[in-house]
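Engineer: Before we start, here is the structure in question, set down as structure tokens.
Values quoted throughout were computed directly from the atomic coordinates according to the rules given, and no laboratory measurement underlies them. Given the structure is predicted, the values throughout are model-derived calculations rather than measurements. Cβ coordinates were reconstructed from backbone atoms using ideal geometry, including for glycine residues, and neighbour counts include every protein chain displayed.
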Amino acid sequence: MISCRLSTLLGAKRIKVSDVCRATGIARATVDRYYNDSVNSFDRKVLSSLCDFLQVKPGDLLVLVKQDDLFSMNDEEPED
């Protein structure tokens, strides 16, 4: 599964979603989908604009997360 780290990057750089929209011309609803990691398909133009604005590479914005890692718990059994 591919995960979008826009919220993490914006938080680290202390940038507001509205600033991204204003600077890139990307619609607020689109940025919100990327921010909330609820994108169904990634638009190359949007990705390019976000990467240019944030001065990151696509691999910094999008990461591959194994689904096992999302749901894995500690292998040890809980103690009673």
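Engineer: For the stretch 27-64, enumerate the residues that are surrounded by fewer than 11 Cβ atoms within 10 Å (Cβ to Cβ), in a loop (DSSP other than H, G, I, E, B) and not small (Gly, Ala, Ser).
Structural biologist: Selection gives 40, 55, 57.
Engineer: Moving on to the next point. Can you work out which of the residues in the stretch 1-14 that are in contact (Cβ under 8 Å) with a residue 12 or more places away in the chain and in a loop (DSSP other than H, G, I, E, B) is surrounded by the most Cβ atoms within 10 Å (Cβ to Cβ)?
Structural biologist: If we filter the stretch 1-14 for residues that are in contact (Cβ under 8 Å) with a residue 12 or more places away in the chain, which is where we start, we get 1-7, 9-10, 13.
Checking the rest, the ones that are also in a loop (DSSP other than H, G, I, E, B) come to 1, 5.
Numbers: 1: 10, 5: 18.
Within the stretch 1-14, the match that is surrounded by the most Cβ atoms within 10 Å (Cβ to Cβ) is 5.
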